[in-house]
Amino acid sequence: MTICHSNQTRHSPDSVAIVIPMYNEEASIELLAYRLKGTLRILSEHTTPHLVLVDDGSLDHTYEYVERSFSGVENLHLLRHERNKGYSAALKTGIGHALQLNTDLIVTIDADTNYDHFYIPMFVECFPEDCDILTASPWHPQGQRKYFPWHRLVLSLTLSALYRFVLAHYGTPLYTYSSCFRVARPEVYRRIKWTGESFTATSEILARCIINRLRVVEFPFQVNPRWFGISKMKKIKQIKMHIQLLWQLWRNPEKFIAE
Ligand SMILES: Nc1nc2c(ncn2[C@@H]2O[C@H](COP(=O)(O)OP(=O)(O)OP(=O)(O)O)[C@@H](O)[C@H]2O)c(=O)[nH]1
Ligand SMILES: [Mg+2]
């Protein structure tokens with residue numbers, strides 16, 4: 001699981017923002033704080049990291065736990081929606097804030113245990129020169145899906161195959177289209193405006209990048225199951241929304257071209 005080759009020049013950006021949307025994640029906060037504090041410490045050896053946490057109107061104690069667990073963390077930006085607006089809206093709030101910070105790179109990742117936050121420094125440091133957005137890829141032949149429930153694997157694999165088919169005209173196909181763990185240049189989010197309102201935002205952002213010929217690089221990675229808390233993913237609703245997005249991409253790809 002590495003994208004850094006021994007002969008590759010490592011180049012640390014001056015600053016980086018890590019954006020994390022959260023909804024009812026109180027059970028994950030302790031581990032998240034442990035992982036992110038370590039991650040920030042490593043990052044701060046070479047760069048100035050900012051942490052942008054977006055509490056999307058959680059009904060549990062997410063906000064209070066975050067305030068307590070992250071107190072004293074430098075460059076912490078704790079944002080809060082008064083009411084739950086959904087994953088996509090929270091991502092927009094977080095990324096919008098990160099754009100104002102004017103960092104060199106923007107990392108997006110979830111609050112739970114699907115992706116290991118300790119890998120963030122490696123991907124920031126190894127961010128390729130000729131890349132606009134680097135995206136984690138559990139479906140890559142060198143990726144891993146350990147202990148992940150089989151029904152989620154089938155769903156994810158099927159959706160990836162459909163996105164690959166629909167986006168086949170636009171250069172090298174990818175293995176995974178739905179991963180939330182990404183590192184991008186801010187220009188990507190200045191150019192790409194997504195409209196989807198749910199978890200499909202992650203696939204829509206990548207599809208828009210591909211259609212607009214941005215340079216997308218996949219890194220083989222491991223996806224893990226959620227260890228704590230409750231999943232917010234409603235399978236039937238998500239399948240419907242992905243099918244709608246796939247249909248639009250198939251029928252009206254020109255609508256996805258950035259102005
Ligand atoms: N802002 C916001 N974030 C959400 C919402 N629902 C989920 N999230 C966050 O989005 C991320 C992904 O949600 P998950 O419930 O983990 O969905 P998933 O990764 O598809 O499924 P599991 O990992 O199996 O639970 C987590 O960081 C959640 O806290 C929401 O309504 N608003
Ligand atoms: Mg998750």
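The values are calculated or read from the model by the stated rules, or taken from the named source; none is laboratory data. Nothing here was measured: the structure is a model prediction, and the numbers come from that model. Please note: Cβ atoms are built from the backbone with ideal geometry, for glycine as well, and neighbour counts cover all protein chains shown. The area values use the complete protein model at the heavy-atom level, side chains included, leaving out ligands, DNA and RNA. Shrake-Rupley method; radii C 1.70, N 1.55, O 1.52, S 1.80 Å.
Structure summary
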| quantity | calculated |
| --- | --- |
| Filtered residues of the range 45-64 (kept if among the β-branched types (Val, Ile, Thr), closer than 16 Å to Asp14 by Cβ and part of a strand (DSSP E or B)) | Thr48 |
| Cβ-Cβ under 6 Å pairs, at least 6 apart or on other chains, the range 85-96 side farther than 13 Å from Met22 by Cβ, far side of a type in the set (A, V, I, L, M) and more than 8 Å from ligand 1 (Cβ to nearest atom) | Ser88/Ala201; Ile95/Val19 |
| Residue tally, condition surrounded by fewer than 22 Cβ atoms within 10 Å (Cβ to Cβ), away from ligand 2 (no atom under 16 Å from the Cβ) and polar (S, T, N, Q), over the range 14-55 | 4 |
| Residue check, Ser58 surrounded by 17 or more Cβ atoms within 10 Å (Cβ to Cβ), within 16 Å of ligand 1 (Cβ to nearest atom) and under 16 Å from the mean Cα position of the chain (by Cα) | no |
| Count - residues of the range 160-195 that are open to solvent by less than 20 Å² (accessible area, probe 1.4 Å) and closer than 23 Å to Phe118 by Cα | 9 |
| Residues that are crowded, with 16+ Cβ neighbours inside 10 Å and over 20 Å from the mean Cα position of the chain (by Cα), drawn from the range 223-249 | Gln248, Leu249 |
| In the range 183-204, the residues that are touching a Phe, Trp or Tyr at 6+ places or on another chain (Cβ under 7 Å) and more than 14 Å from ligand 1 (Cβ to nearest atom) | Val183, Glu204 |
| Yes/no for Leu157 being assigned to a helix (DSSP H, G or I), farther than 23 Å from Lys255 by Cβ and open to solvent by 70 Å² or more (accessible area, probe 1.4 Å) | yes |
| Residue count, the range 200-222 (criterion: within 16 Å of ligand 2 (Cβ to nearest atom), part of a loop (DSSP other than H, G, I, E, B) and surrounded by fewer than 21 Cβ atoms within 10 Å (Cβ to Cβ)) | 0 |
| Criterion (farther than 25 Å from Ile192 by Cα and in contact with a Lys or Arg (Cβ under 7 Å, 6 or more places away or on another chain)) met by exactly one of Tyr63, Tyr119 | Tyr63 |
